[in-house]
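Engineer: One structure is given below, represented as structure tokens, and several questions about it will come after.
The values are calculated or read from the model by the stated rules, or taken from the named source; none is laboratory data. It should be emphasised that the depicted structure is a prediction, and the values quoted were computed from it without experimental measurement. Cβ atoms come from the backbone with ideal geometry, glycine included; neighbour counts cover every protein chain shown.
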Amino acid sequence: MSQQLFAFVVMPFAKEFEDKYVLGIKSAAEDAGMRVERLKDQIFYRQGMVERIHHQIEEADFIIGDMTEPNPNVFYEVGYARAKNKLCILLTDDPDKLPFDLKYRRHIIYSSIQDLKQKLTSELQALKGQTDLSFDQADSECVTKVPVYLSTVVGQSQATSIRVKVEVSSELEPQNVTAFMTRMEKFGADGAWVECKPPESVQLTWADTDTIVTNFLGSTAKYVNIIHIDHNDNKIMIWRVPMPQSLVEFFNNITKYRLTVSVMGRQYQIEIDWKGRWDTIQINQAA
């Protein structure tokens, strides 16, 4: 599974902007693997129009604003987005029409709808930045010991937590990023890899938040929890995830496991050589 970035588009509702939106902006976003919406195409009843605009700006990963015409609504919406510290990609086909406060901000200047699509596609591809997933057994955050609280009577035990490191380099500073285990395989007695059946995609948790979402600010690295092994029972578990019976049975063998993790469209495989004890486990990047 992958997470699509969402851009809210602010532009005049006038008919002459229709092709610009559909053939230029929307088409560019689709080519870049992103999702765009504008207020004109949405259906809403519980919110007024201004409330809806505010909500969409706040929910969006970034804003695309067409500044070609001196439209006060568009100027207000871009101003609101900037006040909310949203990254704004501004468009114009005539920089001479821009008011003073916007003239010296970076714009995509286009000469035609096709030119707009080409330039915006390149901009969006670059904006996605780079997402790197890695695993290093020497990294104390990739393989770490964590306390497990059992009860006030029993006290606590210890567990080994295996994590994949995630680094995102992007001006967008992605918010509410999710991670999934999209494929689980084990090495069978016949020497072939056997996939977990039925195939199950498992939403994983992040070490920094202990929840299913995290935010990336700047170039800080994050770690997504993959496997959790309590030292008392020596069973492979997935941290904070209810284990359906099919998964319990799947992880019930002493063998090699190959697990695929997906974050923001990037995938990474690790291979776990499970010998039945937490202190003899070996983990490698899958070939």
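Engineer: Taking Gln114 as the residue in question, decide whether it is in a helix (DSSP H, G or I) and among the polar types (S, T, N, Q).
Structural biologist: In short, yes.
Engineer: Kindly indicate the residue of segment 231-250 that is in contact (Cβ under 8 Å) with a residue 40 or more places away in the chain and over 15 Å from Arg163 (Cβ atoms) and also farthest from the chain's Cα centre (by Cα) among those meeting that condition.
Structural biologist: Out of the qualifying residues, it is Asn232.
Engineer: Then there's this: What is the residue count in segment 73-110 for residues that are outside any helix (DSSP H, G or I), surrounded by 14 or more Cβ atoms within 10 Å (Cβ to Cβ) and either at pLDDT 90 or above or of a type in the set (Lys, Arg) (or both)?
Structural biologist: 11
Engineer: Right, next: Restricting to segment 167-210, name every residue that is without any contact (Cβ under 8 Å) to a residue 24 or more places away in the chain and either polar (S, T, N, Q) or within 24 Å of Val248 (Cβ to Cβ) (or both).
Structural biologist: Ala189, Asp190, Ala192, Val194, Glu195, Pro199, Thr209
Engineer: A further question on this structure: Exactly one condition in (1) within 25 Å of the chain's Cα centre (by Cα); (2) part of a helix (DSSP H, G or I); (3) free of Cβ contacts under 8 Å to residues at least 60 places away in the same chain is not met by Asp136; state its number.
Structural biologist: Every listed condition holds for Asp136 apart from (2).
Engineer: Filter segment 1-40 down to residues that are outside any helix (DSSP H, G or I) and of a type in the set (D, E, K, R) and give me whichever is farthest from Gly65 (Cα to Cα).
Structural biologist: So, considering only residues that are outside any helix (DSSP H, G or I) and of a type in the set (D, E, K, R), the one farthest from Gly65 (Cα to Cα) is Arg35.
Engineer: Out of everything in segment 168-192 that is more than 21 Å from Met243 (Cβ to Cβ) and not in a loop (DSSP other than H, G, I, E, B), what residue ends up being modelled with the lowest pLDDT?
Structural biologist: Filtering segment 168-192 for residues that are more than 21 Å from Met243 (Cβ to Cβ) and not in a loop (DSSP other than H, G, I, E, B), the one modelled with the lowest pLDDT comes out as Ser169.
Engineer: Select the strands (runs of 3 or more DSSP E) contained entirely in segment 203-273, then report the ones holding at least 2 residues which are aliphatic (A, V, I, L, M) and in the same structural domain as Leu87 (by TED's automatic domain parsing).
Structural biologist: Those strands (runs of 3 or more DSSP E) do not exist here; none qualify.
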